[in-house]
């Protein structure tokens with residue numbers, strides 16, 4: 001799978017916004033990220049994500065392609081305009097898209113994850129590495 005080159009690929013992500021399809025998925029993903037040392041926050045919906053991103057300037061946004069009541073492509077565009085290329089915009093989609101994501105998403109997201117999230121892939125995308133049995137937030 002090809003993806004854009006991450007502008008800060010060697011620097012770990014500390015501030016993450018999670019924009020989930022369902023509350024439980026977002027909450028559990030944010031909890032996992034907090035255990036890794038990230039400051040992770042769940043926001044519900046695209047408008048809320050853009051408003052909160054303006055306030056906290058996240059280093060990464062995990063945006064579910066099935067966010068309720070919002071057009072994910074529009075949300076992605078608004079986040080990119082607001083945060084520029086210093087943010088990692090990571091698309092998350094359900095397993096029905098085995099392999100490649102839809103064309104627009106493949107070209108506009110910095111990276112792509114399939115649900116259920118692949119923990120090792122998520123660590124790689126966020127620049128978090130494992131040392132022994134625990135993850136560390138540090139340069140890879």
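What follows draws every value from the coordinates through simple rules; no lab data is involved. From a predicted model like this one, the values you see are computed outputs, not experimental measurements. Please note: Cβ atoms are built from the backbone with ideal geometry, for glycine as well, and neighbour counts cover all protein chains shown.
Any chance you could run the full-extension gain for residue 80 through residue 47? It's 0.36 nm times the residue separation minus the Cα-Cα distance, nm to one decimal.
Extending this stretch completely gives an extra 10.5 nm.
Between residue 35 and residue 55, what is the spin-label point distance in nm, taking each point 7 Å from the Cα along the Cα→C-beta axis?
The answer from the label model is 2.7 nm.
In nm, what is the difference between 0.36 nm times the number of residues separating residue 124 and residue 28 and their Cα-Cα distance?
Result for the pair: 32.7 nm of gain on full extension.
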